[in-house]
Amino acid sequence: MKKTKIDHYTDKEALDFHKDKKPGKIEIISSKNMTTKRDLALAYSPGVAAPVKMISQNPDAAYDYTSKGNLVAVISNGSAILGMGNLGALASKPVMEGKAVLFKRFADIDSIDLEIDCNNTDEIVNSIKNFAPSFGGINLEDIAAPDCFIIEQNLKKILNIPVFHDDQHGTAIITTAALINALDICGKSIKKIKMVINGAGASAQACAELFKKLGIRNENIVMVDRKGVIYKGRSKGMDKWKSRHAINTKLRSLDDAIKGADVFLGLSAKGALKKNHVKLMAKKPIIFACANPDPEITPEEINEVRKDAIIATGRSDYPNQVNNLIGFPYIFRGALDVRAKTINEEMKMAAAKAIAKLAREYVPDEVVAAMGGERPHYGKDYIIPSTFDPRLISVIPAAVAKAAEESGVARKKIDNLEIYKDQLKQRLDPTVTIMQGINSFIKKNQKRIVFADGEDENTLKAAIAFKNSKLGVPILVGKKEKIKEQIKKIGYDSDFDIEITNSKNVEKRKKYVKNLFKKLQREQGLLERDCDRLVRNDRVIWAASMVACRDADGAVTGNTRRFGSSLEKIKQVVDVRDGEIMFGLNMVVHKGRTIFVGDTSVHEYPTSEQMAEIAISAARVVKLFGFDPKVAFVSHSTFGQPITSRTKHIRKAVEILREKKVSFEFDGDMQPDVALNKEYQDLYPFSKIVGNANILIMPGQHSAAISYKMMKTLGDTKVIGPLLIGLGLPIEIVPLRSSTSEIINLASIAAYSAEVINYKKN
């Protein structure tokens, strides 16, 4: 397949991604246990009759007894798919599934995509009307104008659930938020500004409507389409929707309209705005060039002629990204939580103002960590929050829910807004937030990372993605010819620019042999020729030597051999950090809760002293990830019941920590359910850890490995690791048969460790 020039992947990789394991990107999972006959009887016949009767008597009871209240239909007919045009309903399905994924990832909303093979607006409206009772909201997507206006307008009249065309209103809300702050920074009055909107599609018209509600005078907004200015009396290319934005003016072109304009909003095409246009704008111009994938004018071009402009685009590689992702998941979250009948103008404006306000607030440390370690400050280059700002989940839904209540469209009241905000925070997947922060950080601190298993397909894909995502500089270990064959196999040109190394490099081999011989001649009694054989024949030894000799900053290995085998090879080259203990720490995420488990991979039966040291090191690492460490020493016993020979050393570890007077909370011995389930707090009021632990120190490697691997295999659980803690250099070992994303995660952590941990003393 011909390679498409895309930043991060080939067409083949994208196709493989969508096809792998289960085709597509979404699935339906039961929220109730279905293990016994009683479970089945409750779920279906005869137990299901009870909620059926309740709903028949009171339709609103569907919110209490079904998934309706957290279920959104994502609907398209494929008439305007991204920037590709009318490709049909079925072709839109990958996009709609993607939308459903975003709903889940950012707001914990379940979605079902529905593609309607029809271009008749009446038929589409009728179809949606008939299946709408199943859903708590309707998200319309990729429907061409003016059909999208007609469909949304008619559905709002007949349905009593939120109907939201994101292409219109999502763009309008985010752009309004950006405009509020841009005007504030420039010191301009909304009543006096002159605005040019280039583009007259669905999003442009929705923006204009919300801007007017914000306070911009109708006569001060000049809308321009392909045929020029939309003015009263124009007949060509007009319809009733465009006519709403026609004004009395003698202006006829963008060239005319842009003179003296305070604001330019582009929702059109690449190159529509020229540098000479920018020169003609008013002082401190606001330029939102939001065409995708390429803006109407680049920030670089603007800066060539103006230094006083505030600039926003639709791209993530420039400051101030206007991205609908900041809006639609959270707007629906708030609307669903109050069972809103609609998403009205008050709710849209509340969302816009909440987003604008958030950008003005001080960014706390935990948010800085999630955003990559750089604290943004309100100003020209930060007028809207990042799409990955974890505060969005608590701020926007709360504002939308409150507006729904105050405007009278909410069917459910939120009694305590602060408690509601805390509940919203728990819906996020912390792992995603953590990795996004790490990745943002390492992009700014580029490291050279060795991928030891360079001939392995998943490792190779991971290395290429690492490079193309600009996470760092990958180095592959392996035979050049074989790697190039693999590169071609996965859809890239065989001459893809990526560094490949192996023991044929005589100069480096000599250096690595010398380093290894110096270390092992006394430790293991090896001769220099023995060290030469190790360096020449083992890619893990070679990769570790590259890091040890400062030819690379970190390394990742393990996908083609067992963890223990890889670790033994690494230990031949790299020592444990002075004064520390080496152990494996796994990050386990289940239903939005993150737990760290150690030791999962190094010590078979750690002593009391080792367990205490593992707890101290684990707490330090967990703090680096932005968590407040709460350590539980887990066992088959709880606070001495029963006391056995296997529990005494666990209790001793707890006593050792008490003597050390560590700064983090800890307790034990306790069973895992006591450590993780708050229902047990009443039974053990003396302990602050019961139900709240986020670090589990296991009594042995066997129990640790069994626990996390069972959770990973059988449950809806994500696992990152094991992270190799305490090693003298940043080298990570992935488990056998790891996925591409799992390898990338550990490579990123190696790069992160290389920057934030001081390894020089080793």
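Structure values in brief
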quantity	calculated
Every pair of residues 6+ apart whose Cβ atoms lie under 7 Å, when the first sits in segment 596-622 and is farther than 20 Å from Gly728 by Cβ while the second is surrounded by fewer than 20 Cβ atoms within 10 Å (Cβ to Cβ) and basic (Lys, Arg)	Ser608/Lys652
Residue tally, condition over 14 Å from Lys461 (Cβ atoms), at pLDDT 75 or above and among the hydrophobic types (A, V, I, L, M, F, W, C), over segment 1-33	2
Qualifying residue in segment 48-70 (condition: more than 16 Å from Ala144 (Cβ to Cβ), hydrophobic (A, V, I, L, M, F, W, C), within 29 Å of the chain's Cα centre (by Cα) and at pLDDT 90 or above)	no
Matching residues, segment 692-718, being crowded, with 21+ Cβ neighbours inside 10 Å and closer than 23 Å to Asn33 by Cα	Tyr708
Restricting segment 385-407 to residues that are under 23 Å from Gln426 (Cα atoms) and assigned to a loop (DSSP other than H, G, I, E, B), the residue that is modelled with the highest pLDDT	Pro385
Single match in Ala335, Ala312 (criterion: touching a Phe, Trp or Tyr at 6+ places or on another chain (Cβ under 6 Å), buried (at least 24 other Cβ atoms within 10 Å of the Cβ) and farther than 11 Å from Val278 by Cβ)	Ala312
In segment 732-762, the residues that are buried (at least 21 other Cβ atoms within 10 Å of the Cβ) and either more than 25 Å from the chain's Cα centre (by Cα) or among the aromatic types (Phe, Trp, Tyr) (or both)	Tyr752
Residue ranges of helices (runs of 4 or more DSSP H) in segment 492-569 with at least 1 members touching a residue at least 40 places away in the same chain (Cβ under 8 Å) and closer than 16 Å to Glu455 by Cα	539-548
Single match in Asp530, Asp495 (criterion: farther than 24 Å from Ser545 by Cβ and either surrounded by fewer than 17 Cβ atoms within 10 Å (Cβ to Cβ) or of a type outside the set (D, E, K, R) (or both))	Asp495
Any hit, segment 439-452, residues being within 26 Å of Thr176 (Cα to Cα), more than 14 Å from the chain's Cα centre (by Cα) and among the hydrophobic types (A, V, I, L, M, F, W, C)	no
Residue within segment 581-590 that is over 26 Å from the mean Cα position of the chain (by Cα), farther than 13 Å from Val477 by Cβ and of a type outside the set (Phe, Trp, Tyr) present	yes
Within segment 137-248, helices (runs of 4 or more DSSP H) holding 3 or more residues that are more than 32 Å from the chain's Cα centre (by Cα)	147-158, 240-243
Residue in segment 506-520 that is hydroxyl-bearing (Ser, Thr, Tyr), modelled with pLDDT under 85 and touching a helix residue (DSSP H, G or I) at 6+ places or on another chain (Cβ under 8 Å) present	no
Where Arg737 falls short, out of the listed (1) closer than 28 Å to Phe441 by Cβ; (2) in a loop (DSSP other than H, G, I, E, B); (3) not assigned by TED's automatic domain parsing to the domain that holds Val634	(1)
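The values are calculated or read from the model by the stated rules, or taken from the named source; none is laboratory data. Quick caveat, the model's predicted, so the values are computed rather than measured. Counting neighbours? That spans all protein chains shown, and the Cβs are built from the backbone with ideal geometry, glycine included.
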